[in-house]
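Q: Take a look at the following structure, please.
The values are calculated or read from the model by the stated rules, or taken from the named source; none is laboratory data. Just so it is clear, the model here is predicted, and its values are computed rather than measured. No Cβ is skipped: glycine too gets one built from the backbone with ideal geometry, and neighbour counts run over all protein chains shown.
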Amino acid sequence: MPLEDPRGDKDDNKIRRELAKKKPVADPTAAATAAVQALQVKPEDSPFTSYEARMEAVFKAVQGFGFELIKGIEKGDGDEEEEDEEDEEDGDVDRDKLTAEQVATLRHIVITLGRDQAQRRMRKLVLGAQADRGFLSFNTSFSYELTAKFEAFTRHYKSLKDWSDKFDNLLAFTMTIDEFDVWYVSSQ
């Protein structure tokens, strides 16, 4: 379930330039915690509206670039009405009807400028010359090439000193090979 994009319709490159000019947040965890604690949640808000407000507060506090959904809402156990199941299959879920328990299962990662840069580097590492193309073409040797690219990533990862950079790069590499999972499918 995607969140509303707090950036609006701004161009990604323009946002990258704006964020690069700002001083990085010294302690993102403390900034995010303080932003959520300072947030005034209205009792009449739905659980999803409250969640979205908390995510937006965190997004602003850590100078976010975007969101990445890690875990969404699980489908029901079949007890729901037929039209509700059809809506879920189409991805159209009424956010105001979600329970607090369902919303509690959501997991998003805020993509910071550093994570965005790591994702672009890992996309270039994994996809090579195809990284900037609109149409990608894979053959069976891609899964073998990925093994060598993983070794290159491992060397890069070991050279990093900052744990935040290590996490950002590991997350970016994992998300990239998950997005372009042809390597896994073609090797079976």
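Q: When residues of the range 48-66 are filtered for being small (Gly, Ala, Ser) and over 20 Å from residue 117 (Cβ atoms), how many remain?
A: 3
Q: If you don't mind, another one. Which pairs turn up if I take residues in the range 157-169 that are of a type in the set (Lys, Arg) and look for partners that are surrounded by 10 or more Cβ atoms within 10 Å (Cβ to Cβ) and assigned to a helix (DSSP H, G or I) with beta carbon separation below 7 Å, at least 6 apart in sequence or on another chain?
A: 166/157
Q: Can you tell me which residue among 34, 57, 61 is at pLDDT 85 or above and farther than 28 Å from residue 120 by Cα?
A: Among 34, 57, 61, only 34 is at pLDDT 85 or above and farther than 28 Å from residue 120 by Cα.
Q: Exactly one of these conditions fails for residue 39: (1) touching a Lys or Arg at 6+ places or on another chain (Cβ under 8 Å); (2) surrounded by fewer than 16 Cβ atoms within 10 Å (Cβ to Cβ); (3) at pLDDT 85 or above. Give me its number.
A: (3)
Q: Any residue at all in the range 141-157 that is assigned to a helix (DSSP H, G or I), under 30 Å from residue 58 (Cα atoms) and of a type outside the set (Phe, Trp, Tyr)?
A: Within the range 141-157, one or more residues are assigned to a helix (DSSP H, G or I), under 30 Å from residue 58 (Cα atoms) and of a type outside the set (Phe, Trp, Tyr).
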